[in-house]
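Just below is one structure, and these are the notes that go with it.
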Amino acid sequence: MNTSLQKTILAGVVGTIVMTVVMYLAPMMGLPKMNAAEMLSGMMGVSIIIGWAMHFMIGIVFALGYSFLFTAQVKIKNLVFKGVVFGFAAFVVAQIAIAMMGVVMGPMPVPEGGMALMMIGSIIGHTMYGIPVALIAKPQQ
């Protein structure tokens, strides 16, 4: 397997772990409870194990998008800032995907803390996902 591809997969896994930790810490920061795996499994009517597998697979797919699309198009030198920008872009794409899933499969359950706080938490989570992805999947010099 290509070293760049291995780094990208690792970046997706690590970024997803970081985002998941942020999701679990969210209530301690005054944000609503967030569990992407639970949301995915609930929307699709599958077990939570499938929701977790999907959560990590999505994290890997987004990291592949970072490595093979984003790095070539976005000329930001600072990797941390590049990761934040990528994380915000991932947030936007995720919101569009959730809206499309909602049209097909029915609406997402209303978050317990309100939609505005959920969006803030999601932005934080996605930007925290983007930073390790940028640092780990950085292009070889």
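The values are calculated or read from the model by the stated rules, or taken from the named source; none is laboratory data. Small disclaimer: the values here were computed from a predicted structure and weren't measured. Virtual Cβ from ideal backbone geometry, glycine too; neighbours counted across all protein chains shown.
Only a single criterion out of (1) surrounded by fewer than 16 Cβ atoms within 10 Å (Cβ to Cβ); (2) at pLDDT 95 or above; (3) in contact with a helix residue (DSSP H, G or I) (Cβ under 8 Å, 6 or more places away or on another chain); (4) within 15 Å of Ile124 (Cβ to Cβ) is not satisfied by Ile50, namely (4). For Ala63, the criteria (1) farther than 16 Å from His126 by Cβ; (2) in contact (Cβ under 8 Å) with a residue 12 or more places away in the chain hold in every case but one, which is (1). For the stretch 35-47, the condition of being surrounded by fewer than 16 Cβ atoms within 10 Å (Cβ to Cβ), polar (S, T, N, Q) and more than 18 Å from Ser122 (Cα to Cα) holds for at least one residue.
Residues in the stretch 95-114: is at least one out of contact with any Gly (no Cβ under 6 Å at 6 or more places or on another chain), modelled with pLDDT of 85 or more and surrounded by 15 or more Cβ atoms within 10 Å (Cβ to Cβ)? There is no residue in the stretch 95-114 that is out of contact with any Gly (no Cβ under 6 Å at 6 or more places or on another chain), modelled with pLDDT of 85 or more and surrounded by 15 or more Cβ atoms within 10 Å (Cβ to Cβ).
Within the stretch 1-47, the set of residues being under 27 Å from Ala116 (Cα atoms), modelled with pLDDT under 95 and of a type in the set (S, T, N, Q) comprises Asn35, Ser41.
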